[in-house]
């Protein structure tokens with residue numbers, strides 16, 4: 001049941017990101033493949049358990065970190081940690097900034113039912 005619940009949420013999220021992305025001028029292919037990594041076992045299982053089953057905080061953190069580092073629409077993808085503890089931020093290309101905003105829009109709509117991302 002948890003797999004079906006997560007699939008339902010993920011498809012709803014992708015739909016709303018798609019709509020928001022079209023409004024924001026995100027390239028079509030980019031919207032089609034948005035969050036494809038969430039369908040892979042490495043992320044899928046951790047998310048299913050965390051949100052709809054028995055939460056495993058460590059597994060979720062590893063999956064979320066992996067997701068952020070594999071998907072350029074996350075600002076964390078563009079942060080480069082230095083060995084001395086410092087951080088270098090890289091400029092995010094326009095198409096990924098637009099997708100990031102569409103992702104925020106779509107997540108807000110999928111979770112709250114509203115397009116308002118301020119809450």
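The values are calculated or read from the model by the stated rules, or taken from the named source; none is laboratory data. The shown structure was predicted, so the numbers you read here are calculated from the model rather than taken from an experiment. Reconstructed Cβ throughout: ideal geometry from the backbone, glycine too, with neighbour counts over all protein chains shown.
Numbers for the structure displayed
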read-out: Residue 27 vs. criteria farther than 19 Å from residue 10 by Cα, modelled with pLDDT of 95 or more and more than 11 Å from the chain's Cα centre (by Cα); value: yes
read-out: Subset of the range 60-106 that is surrounded by 11 or more Cβ atoms within 10 Å (Cβ to Cβ) and more than 20 Å from residue 36 (Cβ to Cβ) - its residue that is nearest to the chain's Cα centre (by Cα); value: 61
read-out: Answer residue from the range 108-119, given it is in contact with a helix residue (DSSP H, G or I) (Cβ under 6 Å, 6 or more places away or on another chain) and closer than 17 Å to residue 31 by Cβ and is surrounded by the most Cβ atoms within 10 Å (Cβ to Cβ) among those; value: 109
